[in-house]
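One structure is given below, encoded as structure tokens.
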Amino acid sequence: MQTNTEILHAIPSDPLTGAISVPIYQTATFVQSAPGVHQGYDYARTNNPTRRILESLLQKLEEGSGASAFSSGLAAIDAVLKLLKPGDEILAVQDIYGGAYRLFTQLYANWGIKVRFANGSDTDSLIRAISNNTRLIWVESPTNPTLKLYDIQAIASAARERKCLLCVDNTFATPLAQKPILLGADLVLHSATKYLSGHSDLIAGAVISASPELAEKIRFIQNASGAILGPFDSWLVIRGIETLALRVKQHAENALLIAQWLSKHPAVAQVNYPGLKNHPDYEIGLKQQKFFGGVLSFDLKDDRAEQAIAFIKELKLFKLAESLGGVKSLVCLPSEMTHKTIPVERRQEIGISQSLIRLSVGIEDAQDLIDDLDQAFEILNNKIHHIKINQYVSA
Ligand code: PLP
């Protein structure tokens, strides 16, 4: 069966009424016929039928043994970290989402959980960096916002050998492009705020586990800590997933065209998009991804932050906002927005310059998006030209 058909038909119609849309069980509790005797649901933090359907869909999409849906991507990351105990160490690739960096370094560090960062582009050096205390390896692939890819299969086999867990943040790729569990990961993480829901209208997260034991532990943590996804937002994510296959195809097609166009633009120094054949991780991408996603980033030749800000200001279709993966295109300046919590020296080390621009390419017509970028470059160019003429006249 084709993916789209499979996704749509994995969503059940309601056995009670035949409703083709999943019912939203907006309830806190469930009536029991005798103490402890119920129909599988006792309290909605522990379990809710709408959330349950979303979780089985996520489990199926990622080919895992169980899934839990959280109130945000960060709540999902937090649940994974609660698998650890004081003295344990996280080994993370160096360019991870700013919020994950903050959680690791500013919160969990206070609870005796150490984090070390390694250059995951060099798989061997990442593997060498595993210590006897490493319990969790944290990988984002593609990374936010530098779009690097890591060899998940190689890292997974080293993690297995050293008996540590591997969690892959699969937010950028989506389960339709990449299935980390099939590549050997123990846990998959999603900010479902992004492509899974797809319309920039909610905050949600998910953890999908490879084994039933891990799935049970995450479920226990979720119930004990309480950061569940509510029934309406669960319903919205289910609805988003119904069109995921169509959307990601369009996002990826548009992003490739834009990346190719930007690569040839005289004002652009570098384009980070793993679908470009000259991207250093293109081969890894071919090995582990079906397509290359809808996010890219680029640096201008004039690398002053003011230039990037002036460029962004002229864009009409790309809206200046954090987040990504929605149907409408967004632009952001990670150094001032999504990755501001990472110290500036560290940002520079990992390639997040002050002027790096990130685009979340939407599903508009690619030519309109290219025209939008083109007119912004044109205005910027004219401004520079005017400044030069004025300097010449006043000299
Ligand atoms: N993981 C990645 C790769 C992200 O980009 C984000 C948010 O931007 C998160 C996790 C956190 O997700 P949320 O904002 O849903 O808490």
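Read-outs: derived from the displayed coordinates by stated rules, not from any lab. Computed from a prediction, not measured in an experiment: that's the story for all the values here. Backbone-built Cβ (ideal geometry, glycine too); neighbour counts: all protein chains shown.
Please give every one of the aspartates and glutamates within straight-line cross-link reach of Lys383, meaning a C-alpha to C-alpha distance under 20 Å, and leave out same-chain neighbours fewer than 8 residues apart. By straight Cα distance, Lys383 reaches Asp299, Asp302, Asp303, Glu306, Glu314, Asp371, Asp372, Asp374. Between helix 366-394 and the chain there is an angle of about 40 degrees, using the helix long axis and the longest principal axis of the Cα atoms.
Evaluated over region 258-328, the count of Lys pairs having alpha-carbon atoms less than 23 Å apart is 14 (only pairs 8 or more residues apart or interchain). Near the amide H of Leu165, within less than 5 Å, lie the amide hydrogens of Leu136, Ile137, all on another chain or at least 5 residues away, with H placed in the peptide plane. Relative to the longest principal axis of the Cα atoms of the chain, the long axis of helix 212-225 makes an angle of roughly 80 degrees.
Per residue of the chain, what 222 nm ellipticity follows from adding -39500 (n - 2.57) for every DSSP H run with n ≥ 4, rounded to the nearest 500?
Working: 13 runs with 150 residues, N = 395.
-11500 deg cm²/dmol, from helical runs alone.
Structural descriptor for the chain: relative contact order 17 percent, calculated from alpha carbon pairs under 8 angstrom and at least 6 residues apart.
Quick check on packing: order 267-274, 363-370 by the mean number of other C-beta atoms within 10 Å, highest mean leading.
Numbers: 267-274: 20.1, 363-370: 16.0.
So the peptides 267-274, 363-370, ranked by packing, come out 267-274, 363-370.
Axis angle, to the nearest 10 degrees, between helix 152-161 and the longest C-alpha principal axis of the chain: 50 degrees.
Please compute the contact order of region 227-357 in relative form: average sequence separation of alpha-carbon pairs under 8 Å and at least six residues apart, divided by the residue count, as a percent.
Over region 227-357, the number comes to 20 percent.
Here's the list of aspartates and glutamates a cross-link from Lys60 could span, going by alpha-carbon distance under 16 Å and ignoring same-chain residues fewer than 8 apart: Glu6, Asp186, Glu242.
Cα centroids of region 15-52 and region 205-249: 17 Å apart. Annotation: lysines with alpha-carbon distance below 22 angstrom to Lys85 (same-chain offsets under eight excluded): Lys114, Lys163, Lys217.
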